[in-house]
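Reviewing the structure listed below.
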Amino acid sequence: MKNRDSLYLERAYEEQRFTVLLDEYGEKLTRLAYTYVKDWGKAEDIVQDTFISFYEKQHQFRGECSLKNWLFKLTINRCKDYLKSSAYKRLIFGTILEKWIPTTNTSPELKLITKNEYEQLATHIMNLPIKYRECIIFYYQEELSIAEMSQMLQEKESTIKTRLHRAREMLKKEMVAEERDSNG
């Protein structure tokens, strides 16, 4: 039987670990959730629910994947549950990539052009079907490997590679069409 001091120390360690995880993954998970639900407030709620669920069920983590992947998977499942719910409504897209991609341009004109390009790219990414959108974001934003994405999404690596290739092609096609439309 554990004494009171050891229980206190164990609890303090869990809370400290939980705080570190919040600091390390909170923003990434919120951005991830946003890519699914397209609403910052709802994304924050989903991430909060994810962390509460993790805190309550962390003993179930078996270490078959990294903790990061497990948290991503929990968040994705919460997002998909929300998207299936009757409470889900289509939301207006806001800019997201502006914060994700730093710019080193100094001229206000170049900053405006760059911002506009990122907004256009973000719009095209957010308009992709979810299975392609998640591959683009996981690969380029979260820098996950094909193997990690395969494990997290429970799909074959070849499927992930195909989705990533198709997503790139869709984005390329949309960007070329948009440029053609704006030039004439």
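Here are a few things to note about the model shown:
- Taken over segment 34-57, the criterion of being in contact (Cβ under 8 Å) with a residue 12 or more places away in the chain and under 19 Å from residue 17 (Cα atoms) is satisfied by 47, 49, 50, 51, 53, 54, 55.
- Segment 55-103, residues that are more than 19 Å from the chain's Cα centre (by Cα), in a loop (DSSP other than H, G, I, E, B) and either of a type in the set (Lys, Arg) or at pLDDT 80 or above (or both): 62, 89
- Pairs linking a residue in segment 61-82 that is within 18 Å of residue 40 (Cβ to Cβ) to a residue that is surrounded by 13 or more Cβ atoms within 10 Å (Cβ to Cβ) and polar (S, T, N, Q), with Cβ atoms under 8 Å and 6 or more positions apart or on different chains, are 75/50; 78/50; 78/53.
- If you go through segment 146-155 and keep only what is at pLDDT 90 or above and assigned to a loop (DSSP other than H, G, I, E, B), you end up with just 155.
- Evaluation of residue 172 against the conditions (1) open to solvent by 90 Å² or more (accessible area, probe 1.4 Å); (2) within 21 Å of residue 32 (Cβ to Cβ) shows that the sole unmet condition is (2).
- Among the numbered conditions (1) of a type in the set (Asp, Glu); (2) modelled with pLDDT of 85 or more; (3) open to solvent by less than 80 Å² (accessible area, probe 1.4 Å), the only one that residue 27 does not meet is (3).
- Being open to solvent by 40 Å² or more (accessible area, probe 1.4 Å), more than 15 Å from the chain's Cα centre (by Cα) and of a type outside the set (S, T, N, Q) is a condition met by no residue of segment 31-44.
The values are calculated or read from the model by the stated rules, or taken from the named source; none is laboratory data. None of these values were measured; they are calculated from a predicted model. Glycine gets a Cβ as well: all are built from the backbone with ideal geometry, and neighbour counts include every protein chain shown. Note: accessible area is taken over every heavy atom of the protein model, side chains too, but ligands, DNA and RNA are not part of it. Shrake-Rupley method; radii C 1.70, N 1.55, O 1.52, S 1.80 Å.
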